[in-house]
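The values are calculated or read from the model by the stated rules, or taken from the named source; none is laboratory data. No experiment lies behind these values; they were computed from the predicted model shown. Counting neighbours? That spans all protein chains shown, and the Cβs are built from the backbone with ideal geometry, glycine included.
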Amino acid sequence: MNRFKFSLYILFAVMSFVYMGCRKESRGTDLNLSSSVDIQQFTVGTSQGKIDSAKGAISINLPFGADFTKVVPNIALAAGATVNPVSGASVNLTNPLQYRVINGNIYKDYTVTAKEIPAILLFKAQGDTGVIDESARAIKVVVPPGSDMTQIKVEVQLAAGASITPASGTTIDFTNPVVFTVKTATASVNYMVTAIDVNADKPLAFLGNYATGDAITNADEMAAYRWMATTYPKTEYVSLNAIKNGTVNLSKYSVIWWHEDATQTLPDIAFDNKVVTAVKNYRAAGGNLLLTTFAARWVEALGIVPPFKGPNNVFGDPYGKQWQDNNNNWGFSINKDHAKHPVFTGLPLTPDKPYPVVYLLDKVAFRLNHCSWWKVNEWGGYVDAAGWRAQTGGIDLAGPDGSDNTNSNVTIAEWVKSNGNGATLVITPGSYDWFAEPDPATGAPSPANSYLPNVQKLTQNSIDYLRKQ
Amino acid sequence: MIKQIAQALLAGCFLMSGCKKNDITPIATADVNNKTDLYPSAPAKWFGGSNPYYLPAGFVGDVMPYYANDSFHLFYLHDARNGAAGFHPWNKFTTKNLTEYNYNGVMIPYGSATDYDLALGTGSIVKVGDTYCAYYSGFNPNFNGSGGKYRDNILMATSKDLNNWQKNPSFLMKPETTNGYNFWEFRDPYIFYNTEKNEYWMLVAGQKDNQAAVMLYTCTDPIKGNWQLKDPLYTTSLYKVPETPQLFKWGSYWYLLFSENSATNTTRYRIASSSSGPWTTPVQDQLDGAYMYASKIASDGTNQYLFGWCPTKSGFTDMGNRDFGGNLVTHRLTKNADGTLNVSMPSSAENIFSTQLPLTVKLRPQQVSLDGNTVAFPNTTNASYILFDRIEGKRMITATITDVSAGAETGFVLGMDPQLQNTNFYRLRLSTIDGLIAGEEVTNPKPRVDAQLPFNLAPGKEYKIKLVIDGSVCVLYINDQTALTTRVYSANHNLWGLYAKNGTVKIKELAVKGW
């Protein structure tokens with residue numbers, strides 16, 4: 001045998017050996033078809049599993065705070081039986097886990113389900129029971145509408161031997177989520193507790209006269225809708241047609257916002273009996289409305305104001321006639337009696353006016369000046385702001401930027417929550433503009449409206465205010 | 001000496017075949033076979049006498065079956081996988097009985113880097129007078145249309161005996177470049193004498209107007225090769241190219257076969273009462289799954305057979321990807337009154353499994369046992385398995401599936417270890433839910449399906465099953481109607497079993513046979 005031949009034989013021998021190695025068992029075991037494959041005992045520390053042999057199911061309760069990803073069960077088997085995973089092996093019992101017992105030539109599968117012995121038995125805030133998500137260690141509790149979120153009283157029932165901080169019975173500021181720590185003899189676990197006003201937990205509706213939100217054709221309305229959907233993920237688009245057809249249940253919404261910019265005259269469907277009735281019912285059940293630009297006119301049809309007391313000065317330019325002011329930025333003046341109203345929170349006052357004015361529209365931006373406000377001292381028999389309030393039932397929150405009061409114009413107004421009715425806010429000045437149209441001469445995009453953030457902030461304040469009503 | 005090396009390597013490699021879980025060094029010739037293989041691939045061969053060449057092993061690509069002189073001449077694209085610039089010469093097996101194959105080596109070699117046939121593609125053979133005429137695809141990736149030289153062309157060779165072939169250097173059929181034809185897709189000529197039209201037809205796989213097109217040429221004399229382009233025989237936007245088309249008359253029906261590698265990687269068929277259509281697509285138009293490709297029909301005058309190839313997988317492991325080339329696989333075809341086709345096991349192959357082997361249970365659930373030749377699975381949500389002794393060699397497992405409850409799933413498992421692993425095994429699944437049979441590797445988090453085709457397992461019916469395992473090729477036959485071919489490297493040397501879940505299933509008349 002020369003060297004080369006020898007290496008060939010070695011190669012053959014190695015290959016044959018590898019081949020043997022791929023067999024999954026050695027041969028020759030005698031058949032054993034009568035042995036026991038029952039799990040006789042399944043324990044984790046001092047916890048004893050409950051074994052249902054007929055169903056092949058084991059349930060076990062583990063101490064509060066146990067690490068379910070590293071559980072070490074001890075398993076007792078009949079003589080000769082093996083189990084996989086083996087007794088004493090660390091396993092993850094976050095989800096049900098299959099154990100397989102083999103004895104001779106018989107096997108049996110067991111499904112082991114582990115549950116944590118809870119420490120928090122009940123968590124209440126302002127009398128409402130919270131939902132405990134143990135896997136996320138989070139609690140969410142929905143508190144009654146209008147609750148003062150800075151003064152939420154919690155009550156907690158705990159298992160024996162457990163304690164919680166902050167303690168049960170404490171009044172807590174829930175403006176932001178609060179961490180509670182539960183301690184037992186063996187564990188310390190943090191829970192993130194969130195309290196939400198029941199209205200803030202509801203979805204919001206953006207109303208329009210289009211089949212879907214994507215079908216909106218008016219650029220101003222589309223910009224408003226996109227901002228809302230981004231700012232409030234719970235936003236749902238609702239068409240007037242859906243209300244008419246009864247395919248939408250408005251009661252699930254905390255706020256309905258209609259921003260109508262396309263037509264000075266509201267579409268016929270807004271006056272359809274079914275639509276008006278549905279929205280009136282919504283409002284009567286505590287639903288809140290935000291009506292902006294031409295949609296402010298709806299207050300009359302909905303009976304929020306008496307007949308003929310809706311906005312009496314409605315105007316604006318058609319698309320293509322957009323223009324720049326070039327001299328003055330536009331905005332509104334805050335009625336000093338309502339300077340602390342939440343709709344104005346955080347809005348910057350311009351320093352170039354002797355009274356509080358918030359700019360909404362940059363002088364360089366092209367605008368159509370879509371306006372739907374009330375002329376107070378000239379038309380409608382109101383005489384002054386007091387007369388307007390008396391005749392409309394509204395609160396004159398803001399006037400025009402050219403005046404420090406609302407005797408000449410009411411631009412932002414509220415009809416407060418009362419007698420079970422929800423609140424309504426209207427925003428009407430021509431400066432409340434979501435989209436700067438392109439230069440009509442060149443088609444070039446308009447210079448940006450540097451005050452658009454104020455438009456957004458005013459709207460967000462309004463929605464946040466309404467959803468808490 | 002060289003012969004001895006080859007034999008030693010060959011023997012070692014042969015033993016390696018089927019080894020799955022513990023392979024350290026995959027051997028590239030794992031499927032080297034001998035002439036007694038049911039699903040052969042090309043063995044390494046030392047040609048003695050006047051043909052003193054050593055021919056390395058390789059794999060079977062597109063098969064071009066031709067019946068003559070009491071034998072099937074199974075020309076095929078030889079996939080040597082040796083890294084050579086040229087590839088896919090036409091090699092040949094011959095067989096008289098579909099169970100014993102003679103390997104005849106190279107029939108038409110590939111050319112040089114400057115020839116149109118640096119690589120060969122599929123074609124077909126037609127006999128004109130005393131001359132056999134082979135039309136074949138020539139492929140040269142160095143040509144891109146510049147200088148009038150295109151990548152895809154059709155070439156021709158002739159022979160008087162089906163063994164010695166002379167290329168015809170004067171014949172060159174270039175791809176169409178106008179009228180919406182795509183000259184990059186022009187291959188797989190199929191030539192036959194159309195008795196309905198009294199002329200020769202050539203089908204070519206191509207594209208017209210961005211649709212898959214079975215192109216059509218006609219002529220009166222294939223030796224002269226004066227082919228005339230006609231309108232496409234068939235077009236579809238469902239697939240990219242209708243590869244390896246074939247038109248076959250059987251009784252009163254014409255069958256158009258083609259293989260698509262854009263949706264399912266399988267061979268499909270259409271039916272018409274005329275050779276020119278219109279073509280009807282059967283509800284179930286697959287002849288097998290993705291592990292039987294480029295299939296074509298040939299008849300010995302009595303029976304009709306389907307010849308295709310079962311791909312190997314990269315790395316020769318069950319989780320490898322589908323390769324080009326593999327093993328020759330043969331099914332029998334029968335037809336129903338409405339013209340639809342059944343796929344079954346050739347009786348000669350079935351008859352060769354004559355040795356009844358014992359059914360030895362190696363592992364069973366506590367509540368399930370083998371009663372005679374019957375296994376009754378109770379209603380359980382989780383899968384129950386009953387495992388039998390390891391498969392060693394060629395096997396045919398027969399069984400009848402019955403008493404299937406609605407919602408249930410059942411089938412075979414292969415590559416099982418005695419501890420009944422939860423993953424890393426192969427499953428042939430029949431389901432009452434999804435209307436599919438599937439061959440799949442069970443892995444986390446979900447199985448990887450290799451091959452599947454529509455088949456509805458219905459409660460209240462019986463299903464006669466044959467599962468054939470030869471090397472790593474597994475073919476599942478159901479009711480002599482449906483076949484699903486798969487590649488399972490772990491089938492041999494490991495336990496096999498039956499399983500059921502989500503309902504009750506009875507499997508009776510269970511038997512295992514060997515050669």
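When the stretch B:358-369 is filtered for residues that are among the aliphatic types (A, V, I, L, M) and either more than 8 Å from every other protein chain (Cβ to nearest Cβ) or touching a residue at least 40 places away in the same chain (Cβ under 8 Å) (or both), the ones remaining, listed by number, are B:LEU359, B:LEU363, B:VAL368. When the stretch A:308-329 is examined, which residues are found to be out of contact with any Lys or Arg (no Cβ under 7 Å at 6 or more places or on another chain) and within 30 Å of A:GLY394 (Cα to Cα)? Correct list: A:PHE308, A:LYS309, A:PHE315, A:GLY316, A:ASP317, A:PRO318.
Taken as a whole, the structure leaves B:VAL343 outside the set of residues that are part of a loop (DSSP other than H, G, I, E, B) and either among the aliphatic types (A, V, I, L, M) or on the phi < 0 side of the Ramachandran plot (or both).
Test B:ALA349 against the stated conditions and say whether it is touching a residue at least 24 places away in the same chain (Cβ under 8 Å), outside any strand (DSSP E or B), out of contact with any Gly (no Cβ under 9 Å at 6 or more places or on another chain) and of a type in the set (A, V, I, L, M, F, W, C). So B:ALA349 fits the description; yes.
Has the stretch B:487-496 got any residue that is more than 25 Å from the chain's Cα centre (by Cα) and modelled with pLDDT of 95 or more? Yes: one or more hits. The residue that is farthest from the chain's Cα centre (by Cα), counting only those in the stretch B:53-93 that are in a strand (DSSP E or B), of a type in the set (D, E, K, R) and closer than 25 Å to B:GLU260 by Cβ, is B:ASP79.
Restricting attention to the stretch B:357-377, the residues that are assigned to a strand (DSSP E or B) and touching a strand residue (DSSP E or B) at 6+ places or on another chain (Cβ under 6 Å) total 11. For B:ARG268, indicate whether it is surrounded by 16 or more Cβ atoms within 10 Å (Cβ to Cβ) and in contact with a Leu (Cβ under 9 Å, 6 or more places away or on another chain). Yes; evaluated as a whole, the condition is true for this residue.
Residue-by-condition table, conditions (1) surrounded by 17 or more Cβ atoms within 10 Å (Cβ to Cβ); (2) touching a residue at least 40 places away in the same chain (Cβ under 8 Å):
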| position | (1), (2) |
| --- | --- |
| A:ALA339 | no, no |
| A:LEU349 | no, no |
| A:LYS363 | yes, no |
| A:TRP374 | yes, yes |
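Is it the case, given these coordinates, that A:ALA89 is assigned to a loop (DSSP other than H, G, I, E, B), more than 14 Å from chain B (Cβ to nearest Cβ), loosely packed, with under 15 Cβ neighbours inside 10 Å and modelled with pLDDT of 95 or more? Criteria met by A:ALA89.
Cβ-Cβ contacts under 6 Å between residues 6 or more apart (or on different chains), taken from a first residue in the stretch B:208-234 that is over 25 Å from B:ASN168 (Cβ atoms) to a second residue that is among the polar types (S, T, N, Q) and outside any loop (DSSP other than H, G, I, E, B), are listed as B:GLN211/B:THR235; B:ALA212/B:THR236; B:ALA213/B:GLN207; B:ALA213/B:THR235. Inspect all residues belonging to the stretch B:228-243 and state whether any of them is in a strand (DSSP E or B), of a type in the set (Val, Ile, Thr) and closer than 20 Å to B:PRO65 by Cα. No, the conditions are met nowhere in the stretch B:228-243. Of all the criteria given as (1) within 14 Å of chain B (Cβ to nearest Cβ); (2) touching a strand residue (DSSP E or B) at 6+ places or on another chain (Cβ under 6 Å); (3) not small (Gly, Ala, Ser), the one not satisfied by A:ASN103 is (2). Between A:GLU134, A:GLU155, which is modelled with pLDDT of 95 or more and either in contact with a Lys or Arg (Cβ under 7 Å, 6 or more places away or on another chain) or surrounded by 13 or more Cβ atoms within 10 Å (Cβ to Cβ) (or both)? Residue meeting the stated conditions: A:GLU155.
I'd like to check which strands (runs of 3 or more DSSP E) are fully inside the stretch B:404-515 and have at least 2 residues that are within 14 Å of chain A (Cβ to nearest Cβ). Don't jump to the end; show me each part of the working.
Numbers: elements: B:409-416, B:425-431, B:436-442, B:448-454, B:463-470, B:473-478, B:482-487, B:495-501, B:503-514.
Ranges flagged: B:409-416, B:425-431, B:495-501.
Could we say that B:ILE386 is surrounded by 21 or more Cβ atoms within 10 Å (Cβ to Cβ), within 14 Å of chain A (Cβ to nearest Cβ) and part of a strand (DSSP E or B) here?
Values: surrounded by 21 or more Cβ atoms within 10 Å (Cβ to Cβ): yes; within 14 Å of chain A (Cβ to nearest Cβ): yes; part of a strand (DSSP E or B): yes.
Against the criterion (surrounded by 21 or more Cβ atoms within 10 Å (Cβ to Cβ), within 14 Å of chain A (Cβ to nearest Cβ) and part of a strand (DSSP E or B)), B:ILE386 qualifies.
Put simply, of B:GLY48, B:GLY12 the only residue that is away from every other protein chain (no Cβ under 12 Å), over 14 Å from B:ASN327 (Cα atoms) and modelled with pLDDT under 60 is B:GLY48.
Considering the stretch B:389-403 alone, what residues qualify as being away from chain A (no Cβ under 14 Å), among the aliphatic types (A, V, I, L, M) and closer than 13 Å to B:TRP496 by Cβ? Walk me through it before giving the result.
Within the stretch B:389-403, the subset away from chain A (no Cβ under 14 Å) is B:394-403.
Filter once more, keeping what is among the aliphatic types (A, V, I, L, M): B:396-397, B:399, B:401.
Matches in the stretch B:389-403: B:MET396, B:ILE397, B:ALA399.
The set of residues in the stretch B:401-419 being surrounded by 24 or more Cβ atoms within 10 Å (Cβ to Cβ) and more than 29 Å from the chain's Cα centre (by Cα) consists of B:VAL404 alone. Has the stretch A:441-449 got any residue that is of a type in the set (Ser, Thr, Tyr) and buried (at least 19 other Cβ atoms within 10 Å of the Cβ)? No, the stretch A:441-449 contains no residue that is of a type in the set (Ser, Thr, Tyr) and buried (at least 19 other Cβ atoms within 10 Å of the Cβ).
Considering only strands (runs of 3 or more DSSP E) fully contained in the stretch B:103-163, which possess at least 3 residues that are closer than 16 Å to B:PHE192 by Cβ? First the steps, then the outcome.
Details: elements: B:119-128, B:131-139, B:152-159.
Once the strands (runs of 3 or more DSSP E) in the stretch B:103-163 are filtered for at least 3 residues that are closer than 16 Å to B:PHE192 by Cβ, what remains is B:119-128, B:131-139.
Taking the condition modelled with pLDDT of 90 or more, assigned by TED's automatic domain parsing to the domain that holds B:LYS167 and surrounded by 16 or more Cβ atoms within 10 Å (Cβ to Cβ), does B:LEU98 pass? Criteria met by B:LEU98. Of all residues in the stretch A:326-347, those that are assigned to a loop (DSSP other than H, G, I, E, B), under 15 Å from A:TYR451 (Cα atoms) and either in contact with a helix residue (DSSP H, G or I) (Cβ under 8 Å, 6 or more places away or on another chain) or not assigned by TED's automatic domain parsing to the domain that holds A:GLU414 (or both) total 2.
Among the residues of the stretch A:65-93, those identified as among the small types (Gly, Ala, Ser) and over 43 Å from the mean Cα position of the chain (by Cα) are A:ALA76, A:ALA78, A:ALA79, A:GLY80, A:ALA81, A:SER87, A:GLY88. Taken residue by residue, the stretch B:370-383 has at least one member that is at the interface with chain A (Cβ under 10 Å from one of its Cβ atoms), touching a residue at least 24 places away in the same chain (Cβ under 8 Å), among the polar types (S, T, N, Q) and surrounded by 15 or more Cβ atoms within 10 Å (Cβ to Cβ). For the stretch B:113-124, does any single residue satisfy the condition of being within 18 Å of the chain's Cα centre (by Cα), charged (D, E, K, R) and over 17 Å from B:SER159 (Cβ atoms)? Looking through the stretch B:113-124, none of the residues is within 18 Å of the chain's Cα centre (by Cα), charged (D, E, K, R) and over 17 Å from B:SER159 (Cβ atoms). Inspect all residues belonging to the stretch A:167-185 and state whether any of them is outside the structural domain of A:ASP67 (by TED's automatic domain parsing), over 26 Å from A:ASN245 (Cα atoms), touching a Phe, Trp or Tyr at 6+ places or on another chain (Cβ under 8 Å) and surrounded by fewer than 16 Cβ atoms within 10 Å (Cβ to Cβ). Yes; the residues of the stretch A:167-185 include at least one that is outside the structural domain of A:ASP67 (by TED's automatic domain parsing), over 26 Å from A:ASN245 (Cα atoms), touching a Phe, Trp or Tyr at 6+ places or on another chain (Cβ under 8 Å) and surrounded by fewer than 16 Cβ atoms within 10 Å (Cβ to Cβ).
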